[in-house]
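Notes follow the structure.
The values are calculated or read from the model by the stated rules, or taken from the named source; none is laboratory data. Everything quoted here is computed from the prediction, not taken from an experiment. FYI the Cβ positions are ideal-geometry reconstructions off the backbone, even for glycines, and counts take in every protein chain you see. With ligands, DNA and RNA removed, areas are computed over all heavy atoms of the protein, side chains included. Shrake-Rupley method; radii C 1.70, N 1.55, O 1.52, S 1.80 Å.
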Amino acid sequence: MKTLHLGPEEVRKVSSILANGGIVALPTETVYGLAGNAFSSECALKIFEAKERPSFDPLITHVSEELLSKPGGTLKALGEAGVIHPSTTTWKAAPLIERVMHEFWPGPLTLILPRGSNIPDEVTSGSPRVGVRMPEHPLFQEVLSLTGFPLAAPSANRFGRISPTTAAHVTAELEGRIDAVLDGGPCSVGVESTILSLEESDGELIATLLRPGKISRGELELSLGVPVGDGVGLGEKNQKIEAPGMLDQHYAPVKPLFLYPGPFPSRDHLDHWIGEFGLNGIPAFLCQNLKSAELLRPGDFRSVLTQVSDPEAAARALFSALRSLDEDSSISFIIAELPENSDEGLVSAIADRLNRASVNKPLLKR
Ligand code: TXA
Ligand code: MG
């Protein structure tokens, strides 16, 4: 298959490829997604095949921002479109969910809700629930508006690998496996959406954070007025998989990635730890800030996520930095500085992604 490289002026071409059952990588504000018709089993299967994604890992369904202005409300419109189950509108918490949608959509928030009749098993991996997200990227929204159907879209990388935040990253992952890639420049957020699961039991709303992202737990709790719990597997290893995006090993470079919790110590101390763990070869360092980078030796390979304390810039740079260290053949392994625990959505998202990228490697202890 020849992959077409298209620019922003070619959204019509993109929507006609999608209308004909093709799959196209599209920019979102978080990461690039590999999109196909969310109402079509065949399109979902094509996405799974291109990504070499195991069939148990469900896809998120992306919907148009036009749904925000429907007279009966967004929840009702999603029910009528067969994306979510219409019974959701009768939940006691329906007004709260409507409020969350209006507060955070379009934007980097995915809600897991009961599935509607137009979403095939292949999209949700057989789950009776569906992930719904309304992306903010104007090109993605333009495509949604032209095609007229929702788009199933996982991140546009091969399964388990680093998510793409530029069209060139998509090409490196999926060239020849997909019909086209629409280049919308680098993604502005840089890490995937926050995933919030919503269920109702005996009239009580149960809200669970399945993946941290830019929209923080605190913001969601404030909007919903109920506590937001932790999904099974978040932070813990070897537990039941609730959102397979929470698979332990994910977002991983090919090179071994080791974590150092908190700020880097002196370079001599780092050398000592490297020796203690029996690591041989040339290290590269992923620093959270310039201060840590300055502790390294002049010739060391390094990537600095932010010059100042700026979580937005750090999140935007994260996957690109990991990818370029991974691609540098003179480096044997990567040591990443793990940010300290934080209520800030993006800081906890960075820590989450680094933890998953380094699974099965010993944590370097201070
Ligand atoms: O920011 C994002 O969410 C990006 C962009 C492209 O929108 N998408 C993304 O998709 O990160 P993906 O497939 O790489 O990760 C989505 C995660 C998966 O781990 C999947 O398991 C979880 O969402 N998910 C999707 N539907 C689900 C469902 N019905 N129940 C539980 N988890 C679900
Ligand atoms: Mg992904």
| said: The conditions are (1) open to solvent by less than 70 Å² (accessible area, probe 1.4 Å); (2) at positive phi, and ALA44 fails exactly one of them. Which is it? | reply: (2)
| remark: Taking first residues from segment 39-63 that are free of Cβ contacts under 8 Å to residues at least 60 places away in the same chain and second residues anywhere that are in a loop (DSSP other than H, G, I, E, B) and surrounded by 21 or more Cβ atoms within 10 Å (Cβ to Cβ), the pairs with Cβ under 8 Å that are 6 or more apart or on different chains are LYS46/ILE23
| field | From LYS76, LYS70, residue being more than 23 Å from the chain's Cα centre (by Cα), modelled with pLDDT of 95 or more, open to solvent by 10 Å² or more (accessible area, probe 1.4 Å) and farther than 30 Å from PRO8 by Cα | value | LYS76
| field | Scope segment 122-176; condition assigned to a loop (DSSP other than H, G, I, E, B), within 14 Å of ligand 2 (Cβ to nearest atom) and within 18 Å of GLY7 (Cα to Cα); matching residues | value | ALA156, PRO164, THR165
| request: Can you give me the ranges of the strands (runs of 3 or more DSSP E) entirely in segment 7-66 with at least 1 residues that are away from ligand 2 (no atom under 15 Å from the Cβ) and assigned by TED's automatic domain parsing to the domain that holds GLY190? | output: 24-26, 33-37
| request: With respect to ILE97, determine if the residue is open to solvent by less than 40 Å² (accessible area, probe 1.4 Å), near ligand 1 (Cβ under 9 Å from one of its atoms) and assigned by TED's automatic domain parsing to the domain that holds LEU209. | output: no
| query | Failed condition for PRO265, given (1) under 30 Å from GLU98 (Cα atoms); (2) modelled with pLDDT of 90 or more; (3) assigned to a loop (DSSP other than H, G, I, E, B), with all others met? | reply | (1)
| message | I need the full set of residues from segment 260-290 which are of a type in the set (Phe, Trp, Tyr) and farther than 17 Å from ASN355 by Cα, in order please. | response | TRP273, PHE277
| task | From VAL123, VAL143, VAL130, grab the single residue that is among the aliphatic types (A, V, I, L, M) and under 15 Å from LEU78 (Cα atoms). | result | VAL130
| remark: Flagged in segment 64-77 as touching a residue at least 60 places away in the same chain (Cβ under 8 Å) and among the charged types (D, E, K, R), in numbering order, are GLU65, GLU66
| query | For the subset of segment 22-41 comprising residues that are among the polar types (S, T, N, Q) and farther than 17 Å from SER145 by Cα, which member is surrounded by the most Cβ atoms within 10 Å (Cβ to Cβ)? | reply | THR30
